[in-house]
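Engineer: Can you read through this structure? Questions will come right after.
A short reminder: the numbers here are calculations on the coordinates, not readings from a lab. Since the model is a prediction, treat every value here as computed from it, not as a measurement. Methodologically, a virtual Cβ is constructed for each residue, glycine included, from the backbone with ideal geometry; neighbour enumeration extends over all protein chains shown.
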Amino acid sequence: MRKLTTTLCLTIAVLLGSVGMSWGAENVSGTNWRIVEDNGNISSYHFNEDGSCTYFKQVSRSGNQGKIYHNCRWTQNDSVLAFNTNGHFKSFVAIIEGATMRGFYVSNWNKSNGNFRGNKID
């Protein structure tokens, strides 16, 4: 099951990357989001207009709490958002509904995966 989830996540991310960013009503470009993962990690993301993102690790099980990173990329197609950190060390796929998002992630840290939810904080 874990391999299937990883394959699905990466396939969706690649497909979205080939389509490009969406400029629809739910575009995340220039917005800030608080992401809460089911494992307890909490981060704040800023999705830059150029497809990069910056994130702050508010709570981190891996010991990176309090750190800010600039190694994130995102792409969006309508209400589907895919973003990854540190060269796909961790990849996320979400469905955006207004000021909320929900989705799943896969990570090379402890070969983990799970669900997350996000709220727009702009």
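Engineer: What are the aspartates and glutamates whose alpha-carbon lies under 17 Å from the alpha-carbon of residue 57, with same-chain residues fewer than 8 places away excluded?
Structural biologist: Partners within reach: 37, 38.
Engineer: A follow-up question, please. How would you order 58-68, 44-54, 108-118 from highest to lowest mean count of nearby Cβ atoms within 10 Å?
Structural biologist: On the way: 58-68: 12.8, 44-54: 16.7, 108-118: 14.7.
By packing density, highest mean first, the sequence is 44-54, 108-118, 58-68.
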